[in-house]
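The numbers here are math on the coordinates, done by the rules we state, and not lab data. Fair warning: this is a prediction, and the values are worked out from it, not measured in the lab. Note that each Cβ is placed from the backbone with ideal geometry, even for glycine, and that neighbours are counted across all protein chains shown.
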Amino acid sequence: MNTHTGNKKRILTGDNATGRLHIGHYVGSLENRVKLQEEYDTFIIIADMHAFAYPKYVGNPEAIADAVLQVAIDNLAVGLDPNKSVIFAESAVPEIYELSTIFSMLVSHNRALRNPTLKEEIKVKEMGDNYSLGFINFPILQVADILSVRADLVPVGEDQLPHVELTAEIAKRFNSIYGEFFTEPKPLVGRVKRLVGLDGAAKMTKTLGNTIYLGEDEKSLKQKIMSMYTDPTRIHPTDPGNVEGNPVFIYHDAFNPDKEEVAELKDRYKKGAVGDVEVKEKLFIVLKDILMPIREKRAYYETHIDEVKDILNRGVITTRDEASETLDKVKSLMKLDKFRI
Ligand code: ATP
Ligand code: MG
């Protein structure tokens, strides 16, 4: 059973159901989820309705449905405890859609368009002008996710900050018009705000495939690391290399617990006294140590899929209880509760 006391502050965060999770999610948000699940009542949303906002996924419901289970498994595998945290699929909580319609009335069209993350995604994911109205509404649906359980804190990567800011704005506007009800939630960014991709792109993103997955097997982990983008100007191991902005060193900084080793490697790299291969092999060992236990836990849940489905079903029950309480209060404050059958 979930031990939700009602006395603790709340977290809501989660992931799009657009594929398995990667090490960018880990440092951006998952670590904080695991660390804070004792202190906060934690709700993890798997945003399967949001996934339909992407042109790549709208015609592929099977991929989204499969991603729901895979993302649930990833969250469990890194240490989210289903007896402490609630994990649920967005699509199963219809109260969220009602709230989303209501919140869309509280934000101007121009304000909704003024969102740097949406603009960036249109560009990076090469959507051109082929995005849906639902994509523009993406942040407002997210506002509804967060406010449905009246969350206080939202652990996210840096790219999500504009959406959390919009949430606080809408909460404030709601309170000022209809009466004090929502707390304005705050973001909590992970220790790495935005992990770069294997290809050196500004962000590791599951829809671009420049990722190291949490469930990566040893062979593909090695292969991905060995073919990683490094310093393109360096041809021989004896050439002095660039450490700044070099993804291999960014990953060492993010994941290697042996800070002395990292400092020494950087020093040798800058002097042209170490080859890319050695730096990459050391990174492989570091990531293997982190990922293999996660992979083992993943394997458990993959062979106990009914357990995962049961966790998701229980998550929906708990979340719907909270979301319907929120919706009732919202409707009452808006005088929308007068004509119910
Ligand atoms: P998509 O391309 O489908 O948007 P994504 O890789 O961006 O996939 P999301 O599900 O949108 O993943 O993100 C889930 C959470 O992980 C968010 O809080 C997001 O900020 C964080 N996150 C995702 N990628 C990174 C990254 N590269 N570095 C840090 N945090 C990240
Ligand atoms: Mg994203």
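For HIS236 and ASP267 in the same chain, what is the full-extension length gain: residue separation times 0.36 nm, less their Cα-Cα distance, in nm?
Values: separation 31, 0.36 × 31 = 11.16 nm, distance 1.63 nm.
In short, 9.5 nm is gained.
When ranked by the protection proxy of mean other Cβ atoms within 10 Å per residue, highest first, what sequence do the peptides 161-170, 110-119, 29-38 form? Mind dumping the intermediate values first?
Values: 161-170: 20.4, 110-119: 13.1, 29-38: 18.8.
Going by the mean number of other Cβ atoms within 10 Å, highest first, we get 161-170, 29-38, 110-119.
Under a crude label model (7 Å from the Cα following the beta-carbon direction), how far is LYS123 from TYR300 in nanometres?
4.4 nm
Between ILE136 and LEU188, what length in nm is gained on full extension when 0.36 nm per residue of separation is reduced by their alpha carbon distance? Could you put the intermediate results ahead of the total?
Working: separation 52, 0.36 × 52 = 18.72 nm, distance 2.38 nm.
Going from the current span to full extension adds 16.3 nm.
Could you name the lysines whose alpha carbon sits less than 28 Å from that of LYS280, not counting residues in the same chain fewer than 8 places away?
The qualifying lysines are LYS193, LYS203, LYS206, LYS219, LYS222, LYS224, LYS259, LYS266, LYS270, LYS271, LYS288, LYS297.
Along its principal axes, what span do the Cα atoms of the chain show, with the longest given first and each in whole Å?
Taking max minus min along each principal axis of the Cα atoms, the chain gives 77, 44, 38 Å.
Putting +1 on Lys and Arg Cβ atoms and -1 on Asp and Glu Cβ atoms, find which of PHE255, GLY272, SER332 reaches farthest to the positive end of the dipole of region 241-341.
Of PHE255, GLY272, SER332, it is SER332.
So, by mean Cβ neighbours within 10 angstrom, what's the order for 302-313, 238-249 with the highest one leading?
Values: 302-313: 13.7, 238-249: 16.9.
So the order, starting with the most tightly packed, is 238-249, 302-313.
For region 41-48, what does the Karplus curve 6.51 cos²θ - 1.76 cosθ + 1.60, with θ = phi - 60°, yield as ³J(HN,Hα) per residue in whole Hz, taken in order and with x for Gly and Pro?
6, 10, 10, 10, 9, 9, 7, 7
Normalised by the residues of region 215-297, what does the relative contact order come to in percent, with Cα pairs under 8 Å and at least six apart? Let's see the in-between values first.
Details: 84 pairs, mean separation 34.3, N = 83.
Computed over region 215-297, the figure is 41 percent.
With both bridge residues required to lie in the chain, what share of the DSSP beta bridges run antiparallel, to the nearest 5%?
On the way: 1 of 18 bridges.
Of those bridges, close to 5 percent are antiparallel.
Which whole-number percent is the relative contact order of the chain (Cα, under 8 Å, 6+ apart)?
22 percent
So for the pair SER220, GLU62, with labels modelled 7 Å out along Cα→Cβ, what separation do we get in nm?
1.8 nm
Report the percentage of all Cα-Cα pairs in region 113-158 whose separation exceeds 13 Å, rounded to a whole percent. Numbers along the way, then the final one.
Details: 659 of 1035 pairs.
Every Cα pair in region 113-158 considered, those over 13 Å come to 64 percent.
What FRET efficiency do you get for MET334 and ASN313 if R0 is 35 Å and r is their Cβ-Cβ distance, rounded to the nearest 0.05? The partial results should precede the final answer.
Working: r = 31 Å, r/R0 = 0.89.
In this case the efficiency is close to 0.65.
For region 215-297, which semi-axes, largest first and in whole Å, follow from the square roots of 5 times the eigenvalues of its Cα gyration tensor? Before the final figure, lay out each step's value.
Working: eigenvalues 112, 37, 17 Å².
Computed over region 215-297, the values are 24, 14, 9 Å.
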